[in-house]
1. Checking the condition modelled with pLDDT of 90 or more and either within 30 Å of residue 215 (Cβ to Cβ) or assigned to a strand (DSSP E or B) (or both), which residue from 123, 142 passes?
2. Given the criteria out of contact with any Cys (no Cβ under 7 Å at 6 or more places or on another chain) and more than 23 Å from residue 280 (Cα to Cα), does residue 214 qualify?
3. In the set 251, 212, which member is at pLDDT 85 or above and within 22 Å of the chain's Cα centre (by Cα)?
4. Considering 101, 109, which residue is crowded, with 18+ Cβ neighbours inside 10 Å, part of a loop (DSSP other than H, G, I, E, B) and modelled with pLDDT of 90 or more?
5. State yes or no: is residue 41 acidic (Asp, Glu), within 30 Å of residue 339 (Cα to Cα) and modelled with pLDDT under 90?
6. When you look at residue 79, is it under 13 Å from residue 296 (Cβ atoms) and either assigned to a strand (DSSP E or B) or out of contact with any helix residue (DSSP H, G or I) (no Cβ under 6 Å at 6 or more places or on another chain) (or both), yes or no?
7. May I ask you to verify whether residue 71 is more than 16 Å from the chain's Cα centre (by Cα) and either surrounded by 16 or more Cβ atoms within 10 Å (Cβ to Cβ) or over 25 Å from residue 141 (Cα atoms) (or both)?
8. Just give me the residues in the stretch 226-283 being charged (D, E, K, R), under 12 Å from residue 146 (Cβ atoms) and either buried (at least 19 other Cβ atoms within 10 Å of the Cβ) or touching a residue at least 60 places away in the same chain (Cβ under 8 Å) (or both), in sequence order.
Amino acid sequence: MLRTTDNNCGKTLKELDEHLSEKELDEHWENLLSIGNCKIEDLCKNSPDLFIFPKSSEKYHDDIEKSPIFSLQEKDKKLITSNIMGFVGKNETQLTISSRFAKDENDYFLHYMLQKVFSINIFKFEQTPNKENIWDFLLYLFPYYLKKAYKQSLYKAYKREEYNDANIKGTTDVKRHIRTNIPFCGKVAYSMREHNYDNTLNQLIRHTIEHIRTHPWGSNLLTSDSEMRDIVSKFCFITQQTYNKNARQKIISANLKPVSHPYFTEYKELQKICLRILRHEKITFGAKNDKIYGLLFDGAWLWEEYLNKVLQDNFIHPENKTKKDKEYLFENFQPIYPDFISKEQPIKVGDAKYIPLENKKNIGDDEKATSIYYKTITYMYRFNSTEGFLLFPHPEISFDEKYKIKDTDGSLRKLGLAIPKNAESFIDFQNAMRENEESIKNELIKNSQSY
């Protein structure tokens, strides 16, 4: 398995795995050419086993679907990564993209952000997240999609039921009637289609729940809050009469056709997640030839949503507002998307940036950095703020750099949230992150200082 990190400026395959032979390098390169330099939206259209989260990037205005998972330089045979993290593969080629803060194979930072964003009680996790199986990340998504689907109520589907009594309502089953009711005893064999909660989709959800229970920290996911416990209990109750753990493959096969109900729209994504959780070993180790498969996360989206959880007591996150509450640069046109606006005066506005911003020292030397700074200054002008900030993850120690905007009272600040890289365990990592989060919050909410 090839391993690299996000925001890597370029490494050859030999640098990713020095033990590869020239033949293996050529084979991996050919497989990666089918994945790299291609728009994510194009890959997803033809690759049902490739899962990107969040599912609809247009909603978040980051255009991630227009970008490639990674870029390839044919001349030097280098692989360049951006903000995408996770796992992707084709044939025998498997590439893991860890966060740049991962230590060896332990990507505590990615696990930590996922648990925080999806409101999982991270302090219940006494065991270290599985460092070998990237598909464990799917378990974090299950509660999120299960709750979204359940808001549309329990899924109901038509199911043909067989009866043998005197209350004839459906279609008479002549053969079964002759077989069971001769001589006539006042009963008639018949069948009818009825709405039923005990259907193949709910059975799939039940099998997924039971599979998660067997995971070292799966029980924590299923009991993370009262809402989750209640939903799990409901699905177990409606499937208790027909659930059979030995019928799992049959239930999986019955769910290969996506749900197309016009009302239960959220169950389609839940169905995909369940199938991926139950079939992860098959996808990872027995993928069909020439099929692209994987599980990937947009690091920029994840970082922004993680910071929202950290700062929500003191800052508004406008991206979570309805269309009616959208912010505009001009009168009712040109929508803008500042990530954070302080709730208290004086107003502070800021953006979350997942890129290694500490390296962007000179604004004029980097077109991307230039647009980042200019955009934040535009937000400051729009909200009549003299304080803007850019918040990014920084290795080991906190980072604080301030720029005075010439001939104004305004200033722009780059703040790096320290990410522990040498934590000995996941518990140590969590404790260190809590301290660093408190430190960065205190920096952001304290009164303005002169420069």
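1. Going through 123, 142 in turn, just one is modelled with pLDDT of 90 or more and either within 30 Å of residue 215 (Cβ to Cβ) or assigned to a strand (DSSP E or B) (or both): 142.
2. No.
3. 212
4. Testing whether each residue is crowded, with 18+ Cβ neighbours inside 10 Å, part of a loop (DSSP other than H, G, I, E, B) and modelled with pLDDT of 90 or more leaves just 101.
5. yes
6. no
7. yes
8. 227, 234, 266, 269
The values are calculated or read from the model by the stated rules, or taken from the named source; none is laboratory data. Here the structure is a predicted model, which is why all the values come from computation and not from measurement. Methodologically, a virtual Cβ is constructed for each residue, glycine included, from the backbone with ideal geometry; neighbour enumeration extends over all protein chains shown.
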